[in-house]
Structures are given as C-alpha cells and as structure tokens.
1. Quick test for you: out of LEU73, LEU102, pick the one residue that is surrounded by fewer than 14 Cβ atoms within 10 Å (Cβ to Cβ), in contact (Cβ under 8 Å) with a residue 12 or more places away in the chain and aliphatic (A, V, I, L, M).
2. Of the residues in the range 76-106, how many are in a helix (DSSP H, G or I) and closer than 11 Å to LEU39 by Cα?
3. For the range 61-75, check the following and say yes or no: at least one residue is in contact with a helix residue (DSSP H, G or I) (Cβ under 7 Å, 6 or more places away or on another chain) and in a helix (DSSP H, G or I).
4. For the range 82-99, name all the residues that are touching a helix residue (DSSP H, G or I) at 6+ places or on another chain (Cβ under 7 Å) and surrounded by 16 or more Cβ atoms within 10 Å (Cβ to Cβ).
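Every number here is computed from the coordinates shown, using simple stated rules; none is lab data. Just so it is clear, the model here is predicted, and its values are computed rather than measured. Every residue, glycine among them, receives a Cβ derived from its backbone with ideal geometry; neighbour counts consider all protein chains shown.
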Amino acid sequence: MHPATPWVAERFFAFIRTPDGSFKTMDISRAEQRILHLLAQGGRIDIEKDDDRKIITVACITRDGWRAGGLDLALFRKLKRRRCIASSGGRPYRITQRGLVLVRSQQDNQ
C-alpha cells in the first residue's frame, strides 16, 4: 500500500455567464489563480517595452509595493487573451470584471 499523499489540485474550474444567460466552465491554473488573487487585492502588472514597442518584461506588484514572483510573459499573454486583465490610458494592467468572476468562484485562493 502506498503512503497517503495529499491531493493537490493543479487546475480550478470557474463558471462564466455567457451573454445569452447560460453558464460555461473555464478552468484556470494555479499560477493564474495566484496572480489574479494578487490583482484582486489591489495589485498591478507593470510592463517594460523595447524600442519597437514589444513587451520584454512583466512584473506583478502587490498593493504593498512588493514584486511577486510567478508571472512570466507566457502567463501574462494567457491572462490578457482570456480578458482577465486590461490596461487603459497607458496605466499598469489591472484585473477586469471577468477576472474578478474567475477569482471569486474559487473555494480556496492559496
């Protein structure tokens, strides 16, 4: 018999209401959940661009001003593609209403 190991969920499921009123499930990874939770608490994502205006680095900054790890360019693009984060007027990226729905529908935000 194998020793008991705690089960760790790598993906979370969220329910999104579509425009027609039905629900659709969307799964988000643990890394996405962690970043969205930091943004929901008042954090932001700062980006740095090169001379060609391409994004070269991203940094997740907590509401206290500390840099949080775990955010890379691939994860940033994934959150942006899913419309969980947005920027307006050249300001840092913040969580959107859709991102708040995803992070609120989780039982455990660790």
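1. Details: LEU102 fails: surrounded by fewer than 14 Cβ atoms within 10 Å (Cβ to Cβ).
The unique qualifying residue is LEU73.
2. Qualifying residue count for the region: 3.
3. Residues of the range 61-75 that are in contact with a helix residue (DSSP H, G or I) (Cβ under 7 Å, 6 or more places away or on another chain), as a first pass: 62, 68, 70-71, 75.
Then drop every residue that is not in a helix (DSSP H, G or I), which leaves 75.
Within the range 61-75, one or more residues are in contact with a helix residue (DSSP H, G or I) (Cβ under 7 Å, 6 or more places away or on another chain) and in a helix (DSSP H, G or I).
4. Once the filter is applied, which keeps residues that are touching a helix residue (DSSP H, G or I) at 6+ places or on another chain (Cβ under 7 Å) and surrounded by 16 or more Cβ atoms within 10 Å (Cβ to Cβ), the range 82-99 yields CYS84, ILE85, ARG94, ILE95, GLY99.
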